[in-house]
1. Output wanted: per-residue J couplings in Hz (rounded whole) for segment 193-203, from phi through Karplus 6.51 cos²θ - 1.76 cosθ + 1.60, θ = phi - 60°, x for Gly and Pro.
2. Mind running the shape call on segment 70-167? Use the C-alpha gyration tensor, a ≥ b ≥ c as the square roots of the eigenvalues: rounded below 1.5 for a/c, prolate if a/b tops b/c, oblate otherwise.
3. Just order 258-269, 71-82 by mean Cβ neighbour count inside 10 Å, highest at the front, would you?
4. Using the Kirkwood radius over Cα pairs, work out the Stokes-Einstein diffusion coefficient for segment 15-195 at 25 °C and 0.890 mPa s, in µm²/s as a whole number.
5. Report the relative contact order of segment 209-278, percent, no decimals, based on alpha-carbon pairs under 8 angstrom and at least 6 residues apart.
6. So which chymotrypsin sites (Phe, Trp or Tyr not before Pro) in segment 37-95 pass both tests, a DSSP loop state and at most 15 other Cβ atoms within 10 Å of the Cβ?
7. Stretched out fully, how many nm does the piece from Thr124 to Asp104 gain, at 0.36 nm a residue minus the Cα gap?
8. Could you give me the ³J(HN,Hα) list for segment 278-294, computed from phi with Karplus coefficients 6.51, -1.76, 1.60 and θ = phi - 60°, whole Hz, x at Gly and Pro?
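The values are calculated or read from the model by the stated rules, or taken from the named source; none is laboratory data. Bear in mind that the values here come from a model prediction, so they are computed numbers and not experimental data. With ideal geometry, Cβ positions are generated from the backbone for all residues, glycine too; neighbour counts draw on all protein chains shown. These accessible areas exclude ligands, DNA and RNA; they are computed on the full protein's heavy atoms, side chains included. Shrake-Rupley method; radii C 1.70, N 1.55, O 1.52, S 1.80 Å.
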Amino acid sequence: MRLLTQDILLMVTVISLANFFMADVARCCTTPSFSSPEIEIEVEFEGYDDVRDRVIYKIEVEAEVMAPTQLATCQCGVNLGSTNFQAPDSFSVINAVVGVSKDDGDDFDLEAFDGFEVDEGVSTQISTLRGFRPGGKSFGFSSAVEAFSLPPLQPEDAYVLGFLLEFDPDDFDRVNGNAIQFAAGSNEPGHPLNIFRNYQATLQLPRFQLNECDFNSDLACDVDDINALYRLGPIDRGFDRTDSTERYDLNGDDRISLLDLDEWLEKAADYNGFDSPYVFGDANLDGNFDSSDLVQVFQYSQYENGRRGQTWETGDWNGDELFDSSDLIRAFQTGRYEKQSDILAIPEPTTLLPVLLAFGWCVSWRRRTPV
Ligand SMILES: [Ca+2]
Ligand SMILES: [Ca+2]
Ligand SMILES: [Ca+2]
Ligand SMILES: [Ca+2]
């Protein structure tokens with residue numbers, strides 16, 4: 001397999017990418033090996049700026065740092081997007097860092113590289129480099145770095161080049177999966193700004209999750225999140241979670257089940273400012289189980305028709321994809337129906353169902369009657 005040559009990643013006084021997959025990181029840092037077909041980017045969700053409505057991610061690439069022997073201007077940058085898939089207007093790279101990623105998790109930035117600032121000249125320079133992908137949005141940085149000595153690395157430690165990026169959470173799908181390029185170099189002869197090669201070509205972002213109940217990362221905890229939970233499978237019977245469905249396992253028992261729905265109803269109600277958990281039957285999630293919920297579910301006309309694919313909002317409150325008597329029984333057993341009659345307060349299927357069926361019939365009849 002072709003090895004990368006020295007024209008590859010040289011950050012400032014030079015950072016070159018080490019092989020991300022090599023088990024012996026120290027050796028990679030002293031003797032870079034690029035035998036892997038693709039070097040991955042490490043990405044973490046950092047937080048959310050609710051004033052500016054921006055989610056912030058940190059990107060790190062393992063690198064080899066070569067300390068300058070005299071004052072040098074370090075340069076680096078990011079290019080996101082292409083002519084076919086442009087980066088959204090909200091996308092911005094707001095900071096660049098060089099640091100040490102420690103195996104014990106106690107990472108730190110190299111002080112010598114403090115002070116990276118946005119440098120429009122570097123942004124422009126990136127767009128002229130060999131290998132630049134047209135249509136991308138480039139962000140360049142530079143920093144004056146004095147001569148310094150690199151701290152020794154422990155066997156599992158690694159130097160990293162990092163960037164902080166931000167975008168409007170609504171633009172997630174225009175940033176995630178988009179083409180990305182990195183560049184680094186310096187103003188010293190022999191270490192010019194270069195675009196990294198042999199590199200993961202697209203940016204893969206983990207879903208941000210600002211609250212546990214926000215399964216679908218749309219900054220709301222609402223019925224769409226319950227529906228996302230239901231779509232995973234038969235939660236009424238329960239099934240094992242996977243790495244990709246871990247976020248749905250709210251009670252942490254490694255299963256996806258109705259227990260997680262219970263947790264969601266509690267967490268979502270709290271998130272939305274209610275004093276008590278949502279209850280079964282509260283189809284519109286307004287905090288009450290009342291006639292408006294029954295009107296809503298019967299208007300979907302899915303009661304006892306055997307048609308699967310029902311959701312919380314159409315009356316499936318026990319996660320079996322059907323809206324039937326078992327859902328109504330479960331809802332009324334909570335004792336939270338707003339205007340419960342004596343009959344409804346003690347829900348027996350034989351007494352409860354005729355009432356509800358009549359209710360459903362009335363709704364259906366009203367819907368069908370010409371106005
Ligand atoms: Ca949500
Ligand atoms: Ca669980
Ligand atoms: Ca309701
Ligand atoms: Ca059901």
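1. Calculated HN-Hα couplings, in order: 4, 9, 8, 4, 10, 6, 10, 3, 8, 10, 8 Hz.
2. It is prolate, given that a/c is not under 1.5 and a/b is the larger ratio.
3. Descending mean neighbour count gives 71-82, 258-269.
4. 145
5. 25
6. Those satisfying the criteria are Phe85.
7. Residue separation times 0.36 nm, minus the Cα-Cα distance, leaves 3.4 nm.
8. 4, 10, 4, x, 7, 4, 9, 6, 9, x, 10, 9, 8, 4, 5, 5, 5
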